[in-house]
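Down below is the structure, laid out as structure tokens.
All of the numbers you see were taken from the coordinates with simple rules; none came from a lab. Nothing here was measured: the structure is a model prediction, and the numbers come from that model. Note that each Cβ is placed from the backbone with ideal geometry, even for glycine, and that neighbours are counted across all protein chains shown.
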Amino acid sequence: MSGDPSRPFKWVTVICSVVTAGFLVAAAVRENVSADWRGHQAVFRGILLSKAKDDTARATARNLPIEIRQVVVPALHTVDRCVTCHLGIDDPRMTDVPNPHRVHPKKLLAIHRVEKFGCTVCHQGQGAALNFEEAKAEDYFWDYPLLPAKFTEATCASCHDPRALPKGSAEKLVLGMQLFEQKGCNGCHKLNGKGGQLGPALDNEGLKTKHQFVRANLKGSQTNWNWFAEHFRDPAGIVAGSLMPMPALSQPQVEALTVFMLSLRQRDLPAEYLAPDKIDEQYARLHPPAPDGAALYHRYCAACHDTGLHSRWDKKFARFVPGIRNAAFIRAEDDECLAENIREGRPGTRMPGWGPKAGGLSDAEVTALVAYLRTSAPAMVLPPAPPRGEATRGAALFAQECAGCHGMDGKGVIAPALANPVFQQAATDAFISQTIRAGRENTPMPAFGRAGVSESQIGDLLAYIRRWQPPTKQARSQRP
Amino acid sequence: MTPIQEFLENLKQTPRHIRESAMRNGKAPETDRERSQSTLHNLFLHMQSVRTDRRSLRFAYTFGLGLILTASFVVLTITGILLMVYYKPGVELAYNSVKDIHFVVPAGRFIRNIHRWSAHLMVLAVFLHMARVFYTGSYKRPREFNWLIGLALLVFTLGLSFTGYLLPWDQLAYWAVTIGANIASSPREVTDAIGITAWFDPGGFQKQLLLGANYVGQESLIRFYVLHVAVLPLLISAFMGLHFWRVRKDGGLSRDESKPAPPARIGDRDLEVFAPTKTYGLMAVVRGRTPVVGRSPEGSVSSWPNLMWAELAAFMFTIAVTLVLSYFFDAPLKEMANPAIPENPAKAPWYFLGLQELVSYSAFMGGVGIPSIVLIGLGLIPYLDRDPRGVGIWFGGPAGRRTFWQSLAYGLTSVIALLAVTVNFGWLRTWFPTIPQIAIIILNPATVIVAMFSAWSLWVLRRTGSIRMSAVALFTCFLAGFVVLTAMGSIFRGPNWHFYWWPSQWPTH
């Protein structure tokens, strides 16, 4: 009928109704019928049938329901639907079939029952998902994407002490742990409350989300493991201004250290999930055995002081790091002075304090470190210091002989800062004058006594240097 | 007739009886009494008037926006109820329940997508609907109060959308609502500046009222949930009823009453107006066989089925658009909410991003000052512009159309220029780092924009001598400002609220 005012509306209604019906049907099919997991389960049913040896098995295979399967582990707050596709994960017959139907490698599920552990507590990933891309969840707004197989060992440490595991079971993790200790990472990074403070503490590195990493310069995959790998190759290239030395690491070592980083997780797992050796490890942390000075030195000191026999020019710090196992130095220092230096550090320099309140070392550990340093040379009886002389004469001499390295204001240029409060408190007059007199072997500090500086001039220098002494806590420096 | 025959006969007639009992007028009216009853007893005609002016059916007059809004609301109610069945409003449960809706609830992902897209569509349509009503002068007498009801509906719609934003409990939700709550506490900027926050803290009160705590947590989630699924839907339903009722009681859709409707046409021949007065009965059921039976002299058409088709078309259009969008684009769901890891940039929902852009200069002006000024200004329009001319005509005629284009150009250029200045040169704090905050509260881009727009509107008032023109100028300027600021906030602002031409230029962290 021409002139029907409803005609365009009728057309719109009809077209939109067709579109609506079409998309409703399409969505219903997409959401319910054509899901990937249904296909996987149908294939698995075929596999079961082909492997069935008797009628009961065949009947079971034929009757295998096509349905969503999930492992709910309330203790771990997980709902893992991985088994919807990985149907053969605990079926020992499934060794020669392609994934996702294959059995879990290494028979690990025999000791880690799926019903107790689920999947994501070890593998990470989005357990709730029902398709592989979202289960892997690398680019799906999920904090803990699926760990690639080469890093899966990382999560063993959540329940095990890696060193107590049978040989060959978490080799990368153990190697990473050893590298961490050997390379002196603790010199700058705290772990379990112990370590330097130049870098961030690493206790929860494995549970950080990618948003907690500086990724401005990270190329390629934005995963945490790629961040670690790239960062170990070139720390300052990833974190601008990083002082972290570039450890020369081979590819397997980078991988091992990455696994160790990913294993650092502060998780409160229920006690029934912890292996006995893990509980032993935690107990040992609270009740440490007698400390080993040499091991402590390598773990906490060697990253900066190296062998400690020579002073070392550090390019990143742009100054000399003193040789603290240098015999001339050790000879001149008494034990209490060494311990004080370790406990308090050198404020204003890169040397942090290591006492219980700072670096976390116990008094016993500091004592063990001092004992280790002492193996270089016994403490000598220092010749007495000359009386303090005239500071103005001392200043002139200081400007001429010392300021080049120590700085006119005593703040230190390339040599240690003499105006440092801890130095001023810990060093006795006798120590200072002996160092001026005899110098420091194997370091740029010459023996001024042999170069013609007299005892009275040393007294003048002493007077000048002591002008930087802080007003309080003078007890030690007053002693001869 | 034996009882068994009667039973069989009844059984046979049951479909017909059900049909007849469902329709209060089961059969075509035959008497005048039945004709009038067919109106009174028909739900559709109980809400709509019996006759509809042909001009009200013109698509280019309404764009069907009111119906799109109604349809979105219906879709949102239905999908919302379905989502409520699975959603659990607890901070430990909410996120996982949404994940379950996404992964395992049959078609759950699709239902959630529809809910999300309908919500966006509804917010967009509510702005467009208001602009349509404004530009056709439809707020004028006797429709002033319905304009106010419409404003309330605008606020409820934004409130519904905003409260729904938090429920997935993901990072997007958490930080958007944190921003929203901070906007609510923005009066503190003023009380801080004059140093009375310790005694008088309306900002802190508003924030606590909104969140039930000092931060976004379980209390806030329950509060938002109750608002979202009970309080606001009830309010909006009640106000919608009132809004529709007033539309009908105020004379239907606005139209140019000074001119008669174009005559009904059959083919290309004008129909002769055969009667100057209403001689037709209710429903215009006139006996006879002439071509004009069923049409009225005023060029109105029978609402049933003409209006019914128009409304059905708008409904189906809304649903179709929503379904297509929902099929191809998933509703966002980011990582679970984590108070320790702020999103950067943390952005409010898109319709608040214009305000957030202003908040970045002065929290008070952007968060409280401007919204209050705009809402009060909008509410006053029908009471300040009482000139009855131009109702039912887009922009009130060619002069208004000119004012619209000029004001649009002025609004766009002035706001873009202002933002260009702030992006390139900063604002007072950059130039005078020690300036007191109160100076910035008084002089910031938000107040500059208001000043520029008011000046323009006053100039138009003086030039044209028409309050209507000056209202068109002001409304258009604010509309342009809203568009520019919203685009600025949503597209061109990246981490730390720095300017970027495109999100792909954002630094990774």
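Adding -39500 (n - 2.57) for every DSSP H run of four residues or longer, then dividing by how many residues the protein assembly as shown holds, sets the calculated 222 nm ellipticity at -15500 deg cm²/dmol.
Sort out for me the Cα centre separation of segment B:435-509 from segment A:294-372, rounded to whole Å. Rounded to whole Å, the Cα centres lie 61 Å apart.
Among the listed pairs A:K210/B:K347; A:K167/A:K210; A:K172/A:K219; A:K208/A:K278; A:K150/A:K315; A:K10/B:K12, those whose Cα-Cα separation exceeds 27 Å are A:K167/A:K210; A:K150/A:K315; A:K10/B:K12. Positive end of the dipole of segment B:106-263 (Cβ unit charges, origin at the Cα centre): among B:I194, B:F110, B:G252, the Cα lying farthest that way belongs to B:G252. Of B:V368, B:V374, A:V79, the sequence from fewest to most neighbouring Cβ atoms within 10 angstrom is B:V374, A:V79, B:V368. A simple spin-label model places the labels of B:L375 and B:L242 1.4 nm from each other, with each point 7 Å out along Cα-to-Cβ.
Tell me the angle of helix B:144-166 to the major Cα principal axis of chain B, expressed in degrees between 0 and 90 and rounded to the nearest ten. Helix B:144-166 sits roughly 60 degrees off the main axis of chain B. Put in line by how crowded their Cβ is, counting other Cβ atoms within 10 Å and starting with the fewest, A:F23, B:F244 read B:F244, A:F23. Under the criterion of Cα pairs below 8 Å and six or more residues apart, the relative contact order for segment A:197-257 equals 25 percent. Determine the sum of side-chain charges near B:L65: Lys and Arg each +1, Asp and Glu each -1, restricted to other residues whose C-beta is under 14 angstrom from that of B:L65. Net local charge, B:L65 excluded: +1.
Take every Cα pair under 8 Å whose residues are at least 6 apart in sequence, average their separation, divide by the length of segment B:44-201, and the relative contact order is 21 percent.
Here the dipole of segment B:70-152 is about 260 debye; that uses its Cα centre as origin and unit charges on the Cβ of Lys and Arg (positive) and Asp and Glu (negative).
For chain B, the relative contact order is 21 percent, taking Cα pairs closer than 8 Å that sit 6 or more residues apart in sequence and dividing their mean separation by the residue count. Considering only A:L462, A:F260, A:M246, and ranking their Cα positions along the charge dipole of chain A that arises from unit charges at the beta-carbon of Lys, Arg, Asp and Glu, the one farthest toward the positive end is A:M246.
For chain A, the membrane-span-like helices by this rule, meaning whole DSSP H stretches whose C-alpha atoms cover at least 30 Å of axis and whose Kyte-Doolittle mean is 1.0 or above, are A:7-28; this says nothing about an actual membrane.
D by Stokes-Einstein for segment B:338-415, Kirkwood Rh over Cα pairs, 37 °C, 0.692 mPa s: 207 µm²/s. For the pair B:L384 and B:I18, the difference between a 0.36 nm per residue extended length and the Cα-Cα distance amounts to 126.3 nm. The fewest-to-most ranking of A:T20, A:T307 by surrounding Cβ atoms within 10 Å reads A:T307, A:T20.
With the gyration tensor restricted to C-alpha atoms of the protein assembly as shown, the semi-axes of the equivalent ellipsoid amount to 77, 43, 20 Å, longest first.
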